[in-house]
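*Asks:* A single structure is presented below for examination.
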Amino acid sequence: DDMVEDAANGACVILNGLVHKNGSKFLGEEVTQYTLKMVETIPKVRMKENILLGLHHCIKSLSKHRVQIVCDALLTFSIPFDEHVIQVIQNIAGEAALLRPILKHLTTILTSDQLFEEDTKSGGKKDKESVMCHKPLAAVNMLGDIMSLSSA
């Protein structure tokens, strides 16, 4: 078990080095995939402090290169966000250089994206109602999670 944990720690160090040096060269799709995989891994390693810290550090490093794409990946998670997603959001938003671009991106989503869509799940045409689209609703949730960080 210690050997596996040591290997995972080493992998985090190498991954963070690659992201730190080459993160700006990653394609958007790659950034999304890496972000999703790392965030999805967090609950599985929550008892392994070094691995957990390594993943958080790597996501933050990736955010320094491609903050909008990382944010968009985080916005795809179901809402309300699970605790580990909130921790990632607060970790990257806690970085002074990232906070303003994150807030600008979330504001752009709320002012530019389609906010509502017709609910197609209800049967009749008369009963159609508007529901908030996932991305802007997730952006509002993310803003709340960021603001709760500043009030803590």
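The values are calculated or read from the model by the stated rules, or taken from the named source; none is laboratory data. A quick note: this is a predicted structure, and the numbers were derived from the prediction, not measured. Positions of Cβ are backbone-derived with ideal geometry, glycine not excepted, and every protein chain shown enters the neighbour counts. Heavy atoms of the whole protein, side chains included, go into the accessibility calculation; ligands, DNA and RNA do not. Shrake-Rupley method; radii C 1.70, N 1.55, O 1.52, S 1.80 Å.
*Asks:* Over the chain, what percent of the accessible surface lies on carbon and sulfur atoms, probe 1.4 Å?
*Replies:* Answer for the chain: carbon and sulfur cover 56 percent of the accessible area.
*Asks:* Separate question: Below 18 Å Cα-Cα, how many Lys pairs turn up in the stretch 26-131? Only count pairs eight or more apart in sequence, or on different chains, if you could.
*Replies:* So the count works out to 5.
*Asks:* Then there's this: In degrees between 0 and 90, to the nearest 10, how far off the longest principal axis of the chain does helix 49-74 point, with axes built from Cα atoms?
*Replies:* It works out to around 40 degrees.
*Asks:* Quick check on the stretch 47-100: take the gyration tensor over C-alpha atoms, sort the square-rooted eigenvalues as a ≥ b ≥ c, and tell me if it's rounded (a/c under 1.5), prolate or oblate.
*Replies:* Because a/c hits 1.5 or more and a/b fails to exceed b/c, the stretch 47-100 counts as oblate.
*Asks:* To test your reading of the geometry: what angle, between 0 and 90 degrees and rounded to tens, separates the Cα axis of helix 96-112 from the longest principal axis of the chain?
*Replies:* 20 degrees
*Asks:* Still on this structure: Give the label of the value calculated from the structure for Rg and Dmax of the Cα atoms in Å, choosing from (1) 15.9, 49; (2) 17.5, 62; (3) 14.5, 41.
*Replies:* (2)
*Asks:* Can you tell me the relative contact order of the chain? Whole percent, Cα pairs under 8 Å, sequence separation 6 or more.
*Replies:* Across the chain, relative contact order equals 22 percent.
*Asks:* Assuming 1.306 mPa s and 10 °C, estimate D for the stretch 1-79 with Stokes-Einstein, Rh taken as the Kirkwood radius over Cα pairs, in µm²/s.
*Replies:* 124 µm²/s
*Asks:* With axes computed from alpha carbons, what is the tilt in degrees of helix 83-93 against the longest principal axis of the chain, rounded to the nearest 10 within 0 to 90?
*Replies:* The two axes meet at around 80 degrees.
*Asks:* How large are Rg and Dmax for the stretch 16-60 when calculated on the C-alpha trace, in angstrom?
*Replies:* Cα only, the stretch 16-60: 10.9, 32 Å (Rg, Dmax).
*Asks:* So, one more: Check each of the trypsin sites (Lys or Arg not before Pro) in the stretch 63-142 and keep only those in coil by DSSP with at most 14 other C-beta atoms within 10 angstrom; list them in order.
*Replies:* Sparse-neighbourhood loop trypsin sites (Lys or Arg not before Pro): K121, K125, K126, K128.
*Asks:* What does the charge count near T32 come to, summing +1 for each Lys or Arg and -1 for each Asp or Glu among other residues with Cβ under 14 Å from its Cβ?
*Replies:* Result for the local shell: -1.
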